[in-house]
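Chemist: Questions regarding the structure given below will be posed in turn.
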Amino acid sequence: MVKLKAKDIAIIGLLSASITTGKLVLSFIPNVEIVSLLFIVYTIIFGIKRSIVISIIFSTTEIFIYGFSTWLLVYYLVWPMLIIIIHFARETIKTEYGYATIAGLFGLFFGAFFAVAESFFYGSAYGLTYWVRGIPFDILHGVSNFVIVLILFNPTVKAMTYVYKSINR
């Protein structure tokens, strides 16, 4: 079991709130979000353990905002999956283009992850229909993730590095 210090609990709470707020601010634009960017940056700056906890809090908060549904179960899997991918890829990726590519691919296949889960609950025909119907949104999600990470990665890393150094004095 991971022991968290009071400082860790506070920073995890603030970072979780920032992800939820970021998602809500952009929620009027279908499939455009900064959640992927923030999880990528948080994993690089604050580490895998804190980021996984943040993803669990974020996913749980979504229940209180939107109610419980099958799609939410996938949140408990896809966000930690992104965090784990970034954790292992961070040593080989040297520029924002690498992270933008991962974020773009993640957005592009986001609907496919949900289609698999929907298939378990409602059958493979429903899952396939769910995925095909959502392909235009997945394309938008992938492109917007790529662009958002490409543009905001460096400034966000700089800001979060400052925050990290400030709390670790």
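The values are calculated or read from the model by the stated rules, or taken from the named source; none is laboratory data. Fair warning: this is a prediction, and the values are worked out from it, not measured in the lab. Counting neighbours? That spans all protein chains shown, and the Cβs are built from the backbone with ideal geometry, glycine included.
Chemist: Of the numbered conditions (1) at pLDDT 95 or above; (2) more than 22 Å from Phe146 (Cα to Cα); (3) assigned to a loop (DSSP other than H, G, I, E, B); (4) among the β-branched types (Val, Ile, Thr), Val2 satisfies every one except a single condition; which is it?
Modeler: Among (1) at pLDDT 95 or above; (2) more than 22 Å from Phe146 (Cα to Cα); (3) assigned to a loop (DSSP other than H, G, I, E, B); (4) among the β-branched types (Val, Ile, Thr), the lone unmet condition for Val2 is (1).
Chemist: For Lys3, are the conditions met, namely being out of contact with any Phe, Trp or Tyr (no Cβ under 8 Å at 6 or more places or on another chain) and under 22 Å from Thr161 (Cβ atoms)?
Modeler: Working: out of contact with any Phe, Trp or Tyr (no Cβ under 8 Å at 6 or more places or on another chain): yes; under 22 Å from Thr161 (Cβ atoms): no.
No: the conditions fail for Lys3.
Chemist: What are the residues in segment 117-169 that are free of Cβ contacts under 8 Å to residues at least 60 places away in the same chain, among the aromatic types (Phe, Trp, Tyr) and surrounded by 13 or more Cβ atoms within 10 Å (Cβ to Cβ), if any?
Modeler: Tyr122, Tyr126, Tyr130, Trp131, Phe146
Chemist: Let me ask you something else. Among the listed residues Phe114, Phe109, identify the single one that is out of contact with any helix residue (DSSP H, G or I) (no Cβ under 6 Å at 6 or more places or on another chain), of a type outside the set (S, T, N, Q) and buried (at least 16 other Cβ atoms within 10 Å of the Cβ). Spell out how you get there, then give the answer.
Modeler: Values: Phe114 fails: out of contact with any helix residue (DSSP H, G or I) (no Cβ under 6 Å at 6 or more places or on another chain).
Sole residue among the options that is out of contact with any helix residue (DSSP H, G or I) (no Cβ under 6 Å at 6 or more places or on another chain), of a type outside the set (S, T, N, Q) and buried (at least 16 other Cβ atoms within 10 Å of the Cβ): Phe109.
Chemist: Is it the case that some residue within segment 5-21 is touching an Asp or Glu at 6+ places or on another chain (Cβ under 7 Å) and closer than 23 Å to Pro155 by Cβ?
Modeler: Of all residues in segment 5-21, those touching an Asp or Glu at 6+ places or on another chain (Cβ under 7 Å) come to none.
Within segment 5-21, none of the residues are touching an Asp or Glu at 6+ places or on another chain (Cβ under 7 Å) and closer than 23 Å to Pro155 by Cβ.
Chemist: Of the conditions (1) under 15 Å from Leu152 (Cβ atoms); (2) crowded, with 22+ Cβ neighbours inside 10 Å, Ser55 fails just one. Which one is it?
Modeler: Ser55 satisfies every listed condition except (1).
Chemist: Here is a further query. Quick check on my filter: what residues within segment 5-52 are within 20 Å of Phe106 (Cα to Cα), hydrophobic (A, V, I, L, M, F, W, C), free of Cβ contacts under 8 Å to residues at least 40 places away in the same chain and assigned to a helix (DSSP H, G or I)?
Modeler: Listed by number, the residues that qualify are Ile19, Ile48, Ile52.
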